[in-house]
1. Name the most mobile residue of 169, 145, 113, meaning the one with the largest mean-square fluctuation, in a Gaussian network model of the chain with Cα contacts below 10 Å.
2. Let me spell out the model: positive unit charges on the Cβ of Lys and Arg, negative unit charges on the Cβ of Asp and Glu, origin at the Cα centre of the range 26-182. What dipole size does that give, in debye rounded to 20?
3. Anyone know which of 46, 147, 73 comes out most mobile in the 10 Å Cα GNM of the chain?
4. List the DSSP H helices in the chain whose Cα atoms stretch 20 Å or more along the helix axis and whose mean Kyte-Doolittle hydropathy is at least -1.0.
5. So for the chain, averaging the separation of alpha carbon pairs under 8 Å that are six or more residues apart and normalising by length, what relative contact order in percent results?
6. Need one number: the % of Cα-Cα pairs in the range 1-120 sitting beyond the 22 Å mark.
7. Per 5 Å bin, what is the whole-percent P(r) computed from every C-alpha pair distance within the range 89-140?
8. Give me the log10 of I(q) over I(0) for the range 135-182 at q = 0.29 Å⁻¹, as the Debye formula computes it from C-alpha points; what are the numbers?
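The values are calculated or read from the model by the stated rules, or taken from the named source; none is laboratory data. In this text, all values refer to a predicted model and were calculated from it rather than measured experimentally. Cβ: placed from backbone, ideal geometry, glycine included. Neighbour counts: every protein chain shown. These accessible areas exclude ligands, DNA and RNA; they are computed on the full protein's heavy atoms, side chains included. Shrake-Rupley method; radii C 1.70, N 1.55, O 1.52, S 1.80 Å.
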Amino acid sequence: MTAATERRSFDSRRVFHLHAVFRREVGRGAGLVRAVAAGDRDGAQLVAARVRMVDNAVYRHNCAEDALLWPKLVGDKPSEADIMVDVMHRQHRALDAMSLGVQAAILAWEDEPTEHRRDMLADALDRISDAVGEHICATELFLVPLLERFLCAADWSDVIRLGVADCDPETVSALAGLIRVP
């Protein structure tokens, strides 16, 4: 396979599909949390585990993009890719900070599943859902065309592999299930 053929083999539909899953699953988090009655410790722990898994999956995916994709787009000379990669890094850092807040709110809610703690977590999930949506939109509008021009299918596969590296088999299976289910 020539380099040009390999480069053309990058399938952006895989990116769009994974992003649709992230939008859907992150967007569902606040509603799932709000559906748990105050004081329902078992329900809180069940929903918290799911929310935590999705939040961690988005975090791991962003780390894999930072490590594997963006460096391949940045060259010796300034370009539109440099600007957008900088935007991606800044958005990832902002999402990381929001994720820390979500994780803290999850722990507090699991510890004491009150109405107030439930609502605090749900509000944090609403905010991160909006931010994830904005980030995905920017990625798809500005970075996916560059990925199609400069990367190959193996580059995306590497991102997926790194995103689930060190995950236990149950988590990998659960994430695969989310990706398959519309």
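1. Between 169, 145, 113, it is 169 that shows the largest mean-square fluctuation.
2. Values: 16 positive and 26 negative charges, 43 e Å.
With only Lys, Arg, Asp and Glu charged at Cβ, the dipole is about 200 debye.
3. 46
4. 12-34, 41-64, 80-111, 115-138
5. Details: 164 pairs, mean separation 78.2, N = 182.
Worked out over the chain, it gives 43 percent.
6. On the way: 3468 of 7140 pairs.
Value for the range 1-120 (Cα pairs over 22 Å): 49 percent.
7. Once binned at 5 Å, the Cα pair distances of the range 89-140 give 5, 22, 26, 19, 13, 9, 5, 1.
8. Calculated log10 I(q)/I(0) at the listed q: -1.01.
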